[in-house]
Amino acid sequence: MIARTQDADGPRRDMRAFLRDLPKAELHVHVEGTLEPELMMELAARNGVALPFRTVEEARAAYEFTDLQSFLDVYYQGCAVLREAEDFADLAWAYLERAHAQRVRHVELFFDPQAHTERGVPFEAVLEGLRHALERARRELDVSGGLILCFLRHLSEDHARATLDLARPHLEHLQGVGLDSSERGNPPGKFRDVFAECRRLGLRTVAHAGEEGPPAYITEALDALEVRRIDHGVRCVEDAAVVERLAAEGVPLTVCPLSNVKLRVFERMDEHTLRRMMEAGLRVTINSDDPAYFGGYVEENFVAVQESFGLSRDEVAALSRHAFEASFLEEDARARLLAELDSYLALDRAA
Ligand code: HPA
Ligand code: ZN
């Protein structure tokens, strides 16, 4: 018999099924972080690239991280197997199929071109592969998506500018730009000028801030980079004024709970600041960040926070609603997906 656990909302479908079938949008997922060890081994063999592990089990065993940098070292190493447009297409397609199985209806994929162009992979090969997978997902899975080019913040602003130059002929294929990699010691202001140029070109801006870095980096991302969303932002609770501003301005935050525990931003899920952020009225969304490395895709992230914080269906639904609202979807597509969410919730209530 299938257990029908009765949560606080009554004798409806169990919470796990509710979370699985909930229409979702994912706004914070690095495509390179969706590289599962199986595909990594396959691409290594296809491209003749040597890896420091021989089996999938050995690879997974290496995924023990002490902080962001210890993860990034492994993440960039994994990128070495990605060489051809086809590799990027296979990578993104594998993610999109998994996301589809978790009822992700829309995804905004981060990618790190500098991690590839540095190794001699042409920018066009990366873009072509990712676009191919996204177009296929739209056609075959009815999952919509877009691309956000992230600049690596441990590299210079000049390097970011050179990367923007590579992207210039292809701007219609980008929803915006972001900022990722090693946060500490690389404040958002380091990229003020290149982000200003991106905005002049019509690109939206987002940035990782307040993951390992202090709340002041969140303020700096808002002021110096004029970001539309903050990626992570979980350390905002350390500064009441920052929380107040995020609430007053309705800034969306793309929170990645399993990532934060895996990278020891919080030692345990019950120490995560999500609940406090929600109580402060922040526009929090739930995302997977680098699911192949952090032990779960977006559904597993929803399950983890629902269980840790005993979230109600209404609270969970609000998290999903925020993601559609904070997405860079066109208004008609956004309205359609919000209507799909509403009818899902209405059906669930009626059950
Ligand atoms: N933080 C910063 N940079 C990243 C991450 C992250 O979680 N994942 C991939 N690049
Ligand atoms: Zn991230």
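Observations on the structure shown:
- Spin-label pair Glu244/Arg139, simplified geometry with 7 Å Cα→Cβ offset, distance in nm: 5.4 nm
- Kirkwood-type radius of the stretch 147-259, with distances r between different C-alpha atoms, in Å: 14.0 Å
- What the stretch 112-225 shows is 37 Å² of accessible area per residue, with the surface traced by a 1.4 Å probe over protein heavy atoms.
- Taking the C-alpha atoms of the stretch 54-156, convex hull volume expressed per residue in Å³: 125 Å³
- Modelled label positions at Ala61 and Ala196, each set 7 Å beyond Cα in the direction of Cβ, lie 5.2 nm from each other.
- With a Förster radius of 22 Å applied to the beta-carbon distance between Glu340 and Glu42, the computed FRET efficiency rounds to 0.05.
- Rule-of-thumb Rg ratio for the stretch 272-321 [Cα; 2.2 N^0.38 Å; N residues]: 1.11
- Translational diffusion coefficient (Stokes-Einstein; Kirkwood radius from C-alpha pairs) of the chain at 37 °C, 0.692 mPa s, in µm²/s: 160 µm²/s
- Remark on the stretch 115-169: ratio of C-alpha radius of gyration to 2.2 N^0.38 Å is 1.32.
- Overall shape of the stretch 196-351 was characterised from the C-alpha gyration tensor. The equivalent ellipsoid obtained from it has semi-axes of 24, 21, 15 Å, in decreasing order.
- Distance between the stretch 207-231 and the stretch 273-351 - C-alpha centres, whole angstrom: 21 Å
- A simple spin-label model places pseudo-atoms 7 Å from Cα toward Cβ; at Glu330 and Asp270 they are separated by 4.8 nm.
- Around Asp87: net Lys/Arg minus Asp/Glu count, Cβ-Cβ under 10 Å: -2
- In this structure the amide hydrogen of Gly145, modeled in the peptide plane, comes within under 5 Å of the amide hydrogens of Val107, none closer than 5 places in sequence on its chain.
- Backbone N within the stretch 309-323 under 17 Å of label point (7 Å from Arg349 Cα along the Cβ vector): 312-322
The values are calculated or read from the model by the stated rules, or taken from the named source; none is laboratory data. Because the structure is a prediction, the values reported are computed rather than measured. Positions of Cβ are backbone-derived with ideal geometry, glycine not excepted, and every protein chain shown enters the neighbour counts. For the accessible areas, the whole protein counts, side chains as well, though only heavy atoms, and no ligand, DNA or RNA atoms are used. Shrake-Rupley method; radii C 1.70, N 1.55, O 1.52, S 1.80 Å.
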